[in-house]
Amino acid sequence: MTIGELLKDYRIKQGKNQREFIAGIVSQSYYSKVEKEIHRITADDLLEILNHNGIPVKEFFEKLEIDPNQWQIDKINKLMEEITKASYSEQAIDQIRKIREKVKKLDLNPELKEEALLIIDGFIELEKDDPETFDEKLRTKLKEKIFMMPEYNTHKLSLYANFIDLYDFDSNLQIIRQINKVLERKPIERQEEILFAIVLNVLGQAVKEKKYDKTDEIINWPIVKLS
């Protein structure tokens, strides 16, 4: 059962119309589309609706049969959106470090927090221009912990698309070979869109590093059709 379906089920059982059920937490037009699975609801708004209607959060999650850490993940993802915006500012590193402090203070699953902090450190590393300041241990840890995975999801692949410049061409070729094997078996949402960006970035690296003999492999990557 989806979030929209489950919310509708609870609403009907309580004998409420949509306006009564959401109590102004979100607009009725937006909520109507949530029930129809046209729009997604944020973690904060969902929790507020559940609390307003006396719906036990644990019970709701159990009926959904989804990852119980999902709402922690959503909080992290919101902060990651802040980091993406911060990376375009002139004080990028300072702003990203402030966001890192926010994550450190969050009450999160320890593994999720460790991974989030590692990713944020990766964004800080991206801002460095002087090779003498590069943290090679951090770059290796990111590659091993996040990008060389037995499984991938949209979030992990999007992260890699952002972090390509942390690695040289040969390292990226190794990573995308791994991605290729995994996604041939188990495709993910928005796969072609993200992979296309990855391919273009890695091809640019191949040209920059004059690795022309290896570009055919990327262009003919089975899970991406370049037109």
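Structure summary
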| item | result |
| --- | --- |
| Residues of segment 116-170 satisfying the condition of being among the hydroxyl-bearing types (Ser, Thr, Tyr), more than 26 Å from residue 75 (Cβ to Cβ) and surrounded by fewer than 16 Cβ atoms within 10 Å (Cβ to Cβ) | 133, 140 |
| Qualifying residue in segment 208-226 (condition: buried (at least 18 other Cβ atoms within 10 Å of the Cβ) and modelled with pLDDT of 85 or more) | no |
| Residue list for segment 75-115, filter: small (Gly, Ala, Ser) and either part of a helix (DSSP H, G or I) or surrounded by 16 or more Cβ atoms within 10 Å (Cβ to Cβ) (or both) | 86, 87, 92 |
| Any hit, segment 60-72, residues being open to solvent by less than 90 Å² (accessible area, probe 1.4 Å), modelled with pLDDT of 85 or more and outside any loop (DSSP other than H, G, I, E, B) | yes |
| Residue 55 being assigned to a helix (DSSP H, G or I) and surrounded by 13 or more Cβ atoms within 10 Å (Cβ to Cβ) | no |
| Answer residue from segment 1-34, given it is of a type in the set (Lys, Arg) and more than 21 Å from residue 59 (Cα to Cα) and is most open to solvent (accessible area, probe 1.4 Å) among those | 19 |
| First in segment 146-175 and under 21 Å from residue 220 (Cα atoms) and in contact (Cβ under 8 Å) with a residue 40 or more places away in the chain, second anywhere and open to solvent by less than 60 Å² (accessible area, probe 1.4 Å) and among the small types (Gly, Ala, Ser), Cβ under 6 Å, 6 or more apart | 161/197; 169/206 |
| Failed criterion for residue 215 (all others in (1) within 20 Å of the chain's Cα centre (by Cα); (2) farther than 29 Å from residue 79 by Cα hold) | (1) |
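The values are calculated or read from the model by the stated rules, or taken from the named source; none is laboratory data. Keep in mind it's a predicted model, so treat the numbers as computed, not measured. Reconstructed Cβ throughout: ideal geometry from the backbone, glycine too, with neighbour counts over all protein chains shown. These area figures cover heavy atoms from the full protein model, side chains too; ligands, DNA and RNA do not enter into them. Shrake-Rupley method; radii C 1.70, N 1.55, O 1.52, S 1.80 Å.
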